[in-house]
């Protein structure tokens, strides 16, 4: 039996998504002040959507992702949404006066490339790991799009409308990934939590160069990059905690979590994290992560086999 395709009781659309918040108001963005920085920022979003489209198209490839019925059912919707988002980003670039999407900036290729990730991580990805990566990337993008749409409301209503449409789509993507994670954790599969923690650490490693680049672009556009990064990370971690907390049957502690997260995910903490991204990567870290993943997978398989024999 494929444990990670087992469905929890709720449907994805029943999952409530909170509103991303910032510790202080964000200033409105006028794209006419620095149009090239705005075009570059939207180009980053374009390449992120393109990478997501590529990943979603390969959800039915068992060499990339372990079979998961929830993902397979959602695949047509995910692919259609991302295709529409590419067209929206191209339209926004034209509104800003651009003549085309700018090439990817340093760091993003290794973060978004499935082929690049396969050289660092153990493939095929478990469904829970694919759901984790989807949740993290989509929630970070969701929070960013949400804030960007809000600050663009007064300066360019058309762009704000396109971004808000994307935000609604990203909400569905987050619900699907949370649904898969809840289903995976509901099975109480051995070491599933450790496996997810390992891959969350792997995602942070993969995103180091991209983080430095994005911080620079956000500053050029006119954002306080650390306030925005703090909000995005708090939003993502709140969603992850909701998945874990509902597994234990607790469903009314979101405000407590949000208060706790304000310190380790504050704008100052984001400055420290950005500074840490400038340190060289630890030698052998990817080999160690792959080795730990193999141990987790082997132990889970042996434990489940033992349970089946005992039953």
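The values are calculated or read from the model by the stated rules, or taken from the named source; none is laboratory data. Predicted model only: the values in this text are computed from it and were never measured. Backbone-built Cβ (ideal geometry, glycine too); neighbour counts: all protein chains shown.
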Exercise. Say we look at the stretch 227-254 and pick out the residues that are at pLDDT below 90, over 15 Å from the mean Cα position of the chain (by Cα) and assigned to a helix (DSSP H, G or I); which of these is surrounded by the most Cβ atoms within 10 Å (Cβ to Cβ)?
Worked result: 242
Problem set entry | Candidate set: the stretch 65-100, residues that are part of a loop (DSSP other than H, G, I, E, B) and surrounded by fewer than 17 Cβ atoms within 10 Å (Cβ to Cβ); chosen: the one nearest to the chain's Cα centre (by Cα) | 67
Exercise. If you go through the stretch 134-145 one residue at a time, do you hit one that is closer than 18 Å to residue 68 by Cα, at pLDDT 90 or above and crowded, with 18+ Cβ neighbours inside 10 Å?
Worked result: yes
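Would you call residue 138 without any contact (Cβ under 8 Å) to a residue 24 or more places away in the chain, closer than 30 Å to residue 21 by Cβ and part of a helix (DSSP H, G or I)?
No: the conditions fail for residue 138.
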Problem set entry | Cβ-Cβ under 7 Å pairs, at least 6 apart or on other chains, the stretch 291-305 side part of a helix (DSSP H, G or I), far side modelled with pLDDT under 65 and surrounded by 12 or more Cβ atoms within 10 Å (Cβ to Cβ) | 299/190; 300/190; 303/190
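Step by step: first the residues of the stretch 102-120, then only those that are part of a loop (DSSP other than H, G, I, E, B) and more than 17 Å from the chain's Cα centre (by Cα), then the one that is modelled with the highest pLDDT. Which residue is that? Talk me through it step by step, then tell me what you get.
Taking the stretch 102-120 first, the residues part of a loop (DSSP other than H, G, I, E, B) are 102-107, 113, 119-120.
When the remaining residues are screened for being more than 17 Å from the chain's Cα centre (by Cα), the result is 102-106, 119-120.
Values: 102: 95, 103: 92, 104: 88, 105: 85, 106: 79, 119: 86, 120: 91.
Filtering first and then ranking leaves 102.
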Exercise. Here are some conditions: (1) within 19 Å of residue 203 (Cα to Cα); (2) buried (at least 22 other Cβ atoms within 10 Å of the Cβ); (3) out of contact with any strand residue (DSSP E or B) (no Cβ under 9 Å at 6 or more places or on another chain). Residue 130 meets all but one. Which one does it not meet?
Worked result: (3)
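For residues that are part of a helix (DSSP H, G or I) and either closer than 18 Å to residue 203 by Cα or touching a residue at least 60 places away in the same chain (Cβ under 8 Å) (or both), tally how many sit in the stretch 270-283.
Of the residues in the stretch 270-283, 6 are part of a helix (DSSP H, G or I) and either closer than 18 Å to residue 203 by Cα or touching a residue at least 60 places away in the same chain (Cβ under 8 Å) (or both).
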